[in-house]
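Before any comments, here is the structure.
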């Protein structure tokens, strides 16, 4: 644990890493608020240092004691020697600022602050927190907290937390790092991993993240190459750009990042805000952005633990879909249903695999995936090894789940003897689910699973959900190299604000997105001429930036069939809009019928650009039939996501109607995504509706909204 000295000319990110390295791998420690009683917070920290055999200097700070168990105390942080790496400020909130200033003056590397009463407590606490952060940043000090539990570094033997901790040597085993803004959740994830026999290198509770953010801890882990996967509980990602940069670093290093982030519901967002003072952003935007950088976002604590257990052991996804072997016909049947529920594809067996497995099982058994070996394994457990080897050898199988009933102790041990050799050598993920919930497992069987680091589950559903998450990770890794660049050659918008429809449509035309034939006119005689040129039926639309909701104001008249109807419609339109000043009236050819969709793109202040795609008209809200996509999505990936929309059956052959042109929808989506990322000042673009015609007939943007910044 070498002390890393601060150097000149650091970038802010380098300075953050130097301070964090000193904090997490200290050569010297100080404890403010130290106590001889291990039942107190100050005593628990000191006891942790002793249990972890910390061999560097430990400076004790106490204004009321001259010594603790023969160790001398100093009265304040002002008397610390120069350059202590890590200081725990186990003191009241009102004393924190003065102590932090003293630590800054003494060249401390980083602080751990347990005290609450900062940003999570309101405006006054936020002001104190901001001053504290300013002190730390000015001195290049890292800081966990305030309002945090501290950390434990099992890899290097340092535990600066008031939770009683014991060394858990990591050795050469694959391991997991844990980052959580909640101390209780950090402790729970760490304990759950250890309970599964998964080694933990670092567990850090970041609290309010006034200085050191989740992204900084990710950077530390990637820099140190100290974990095979990272489990994160985040109530808010406070610096999205920094987090995305850190996620890219982890992705490039081959370290999966799995995140549980509450806030999908309104009450969830409110709870996060009251807990850590977080101003929670749009959860869907967050999810879209981070998943685009191969972060795995999960929805439950079980899914977090289960997914990390799988990905830490097999961080490099294999090509192919899931294979399942079971000794229960009931489990086989349920597996079909649950795979569909979680969006998991089951691998089709090749003929070669079918022939190989048929030679291993009794005649007349069904050879399929999931594979039910029936009672064969009770008499000869080696069938689990031979069928596992056969399934893993299949090029269409990218991972294997053995979802079995365990049987008695001897049968469990026999299964382990058969499965472990294959799991140890497989480059494809292999996991075991023993059905039975809390029913006891044979100690030798469990030890074999832990020793071989084979992920072990107690239900097939949890295991399959983890495989589904791993499949999303694999897809995201592929997508990292399959992106559309920003558009080029577009002119910057000269002014900010909402643009009238005709301006928006001109922009769409320049992008290569088809709009209806038509022109902007100023009087009804010109309208009559244009209608004759483009052909009836036509549409009249009043045009003004203030009329972004034209239909509500009576500014749209549809399906005008002839000249007489046109003249009457013109008069009615003018009466509807009254004294509203307009740029003119857009006369357009009425569209042929098709499937209405909505396609939009917008630029978010924190999470950058994203796309929205969904079924248009009343179906948008009635079916909740929209999805968010990354703005750099490729054409092929866009097609896959569009076909996965709720209600996408309407885009397929339906009741004698031909399939719709999904390729053209994807083309419009990709063009909008490229445009919103171009440096031309677009805030938002929306096409609603985008009329989708039959395959090969394309799409037409019937309405367009463009907002510039």
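All of the numbers you see were taken from the coordinates with simple rules; none came from a lab. Predicted, not measured: the structure shown is a model, and the values here were computed from it. We place every Cβ from the backbone using ideal geometry, glycine too, and count neighbours over all the protein chains shown.
Here are the numbers:
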item: Cα coordinate range in region 88-148, projected on the principal axes (Å, largest first); result: 30, 20, 17
item: Calculated FRET efficiency for the pair residue 82/residue 130, C-beta based, R₀ 35 Å, to 0.05; result: 0.80
item: In Å, descending, principal axis extents of the Cα set of region 316-479; result: 45, 35, 29
item: Within region 313-357: backbone nitrogen closer than 13 Å to the residue 439 label point (7 Å, Cα to C-beta); result: 327-328, 331
item: 222 nm mean residue ellipticity, helices alone, for the chain (DSSP H n ≥ 4; -39,500 (n - 2.57); rounded to 500); result: -11500 deg cm²/dmol
item: Descending semi-axes in whole angstrom, ellipsoid equivalent of region 595-708, from the Cα gyration tensor; result: 24, 14, 13
item: Projected label distance in nm at residue 368 and residue 546, using a 7 Å step from Cα toward the beta-carbon; result: 6.6
item: Ranked 22, 465, 572, 65, criterion: other C-beta atoms within 10 Å, fewest first; result: 572, 65, 465, 22
item: Burial ordering of 663, 588, 533, fewest other beta-carbon atoms within 10 Å first; result: 533, 663, 588
item: Modelled label reach - residue 635, point 7 Å along Cα→Cβ, region 677-709 residues with backbone N closer than 17 Å; result: 695-700
item: Gain on full stretching of the segment that runs from residue 576 to residue 482 - 0.36 nm per residue minus C-alpha separation; result: 28.9 nm
item: Percent of Cα-Cα distances greater than 37 Å, calculated over region 12-311; result: 10
item: Euclidean distance of C-alpha centroids, region 441-474 and region 174-194, integer Å; result: 18
item: Approximate spin-label separation residue 695-residue 523, in nm, with each point projected 7 Å along Cα-to-Cβ; result: 5.1
item: log₁₀ of I(q)/I(0) at q = 0.12, 0.16 Å⁻¹ - region 17-153, Debye sum with one point per alpha carbon; result: -0.42, -0.76
item: For the chain: relative contact order, % (alpha-carbon pairs under 8 angstrom, 6 or more apart); result: 8
item: Between region 477-547 and region 320-343, the alpha-carbon center distance in angstrom; result: 49
item: Neighbour-count order for 35, 459, fewest beta carbons within 10 angstrom listed first; result: 459, 35
item: Rg over Rh [alpha-carbon atoms, Kirkwood Rh] for region 517-589; result: 0.93
item: Dimensions in Å of the chain - Rg and Dmax from alpha carbons; result: 31.0, 104
item: Estimated inter-spin distance, residue 417 and residue 627, nm [label 7 Å along Cα→Cβ]; result: 4.8
item: Ranked packing of 539-548, 290-299, 74-83, most packed first, by mean Cβ within 10 Å; result: 290-299, 539-548, 74-83
item: Between region 627-698 and region 549-603, the alpha-carbon center distance in angstrom; result: 24
item: DSSP-defined beta bridges in the chain - what % are antiparallel, rounded to 5; result: 50
